[in-house]
Amino acid sequence: IVSLVLELQYGGSHAAGAALAFLWYVLLARPELAQRLRDDLAASPDEGDPPLVDAVINETLRLFPRAPIINRTPKIPLDLGGLRIRPGDFVIVSPWVVHRHERLWDRPNDFDPSRFLTAQGARPPRDRFIPFGVGARGCLSEHLSRALMRSGLKHFLTLGPLRLRDPSQVGLHLTGSTLSLTPALKAERA
């Protein structure tokens, strides 16, 4: 797992590799969720991915956005929620804060993929779910990251039940404006 994540990160796919590492961390920390995904995928192998796959990916991206802070300097005047932004102003948006805001999310710090299993679909409105930013300056690796996470999730599930070797050693690390796990994930057969 570690060598694959490192290969993806240093092969030019930093955001995609980190997103996959967070997804594997989520699955290693929640073996019952991994088993439910395994069962759902086995129950309908020819019908495409069950909705839970995208719900788990979205919830992982909500709690662990690769870029917890995004900054911009607009070139044109903007009205942002009643606040007038002038060209050249320095604007900071934090997906980490938006994704954990109590007015926007019920139980914002809990991992709950069911929040993405709604009649409206797998994604909430873009004004409160922005793991890749939004608009013309959104992250170019969003589609690559999602495809890699979907593929990596399925591969992970074929490895059988795994668990984190030492969960107390895994932590979040912020370097500049990117979030990663440290140290590398160490898994063993459950």
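Side notes on the structure shown:
- Qualifying residues in the range 57-81 (those that are open to solvent by less than 80 Å² (accessible area, probe 1.4 Å), in a loop (DSSP other than H, G, I, E, B) and free of Cβ contacts under 8 Å to residues at least 60 places away in the same chain) - the one nearest to GLY17 (Cα to Cα): THR73
- Listed by position, the strands (runs of 3 or more DSSP E) contained in the range 82-190 that have at least 1 residues being among the acidic types (Asp, Glu) are 187-189.
- Members of the range 136-160 that are out of contact with any helix residue (DSSP H, G or I) (no Cβ under 6 Å at 6 or more places or on another chain) and open to solvent by 60 Å² or more (accessible area, probe 1.4 Å): ALA136, ARG137, LEU140, HIS143, ARG150, SER151, LYS154, HIS155, THR158
- Residues that are of a type in the set (Gly, Ala, Ser) and assigned to a loop (DSSP other than H, G, I, E, B), drawn from the range 26-53: SER44, GLY48
- Matching residues, the range 21-56, being buried (at least 16 other Cβ atoms within 10 Å of the Cβ), of a type outside the set (A, V, I, L, M) and touching a Lys or Arg at 6+ places or on another chain (Cβ under 7 Å): none
The values are calculated or read from the model by the stated rules, or taken from the named source; none is laboratory data. The model shown is predicted, which means the values in this text are computed figures rather than measured ones. Positions of Cβ are backbone-derived with ideal geometry, glycine not excepted, and every protein chain shown enters the neighbour counts. Accessible surface areas use protein heavy atoms only, side chains included; no ligands, DNA or RNA. Shrake-Rupley method; radii C 1.70, N 1.55, O 1.52, S 1.80 Å.
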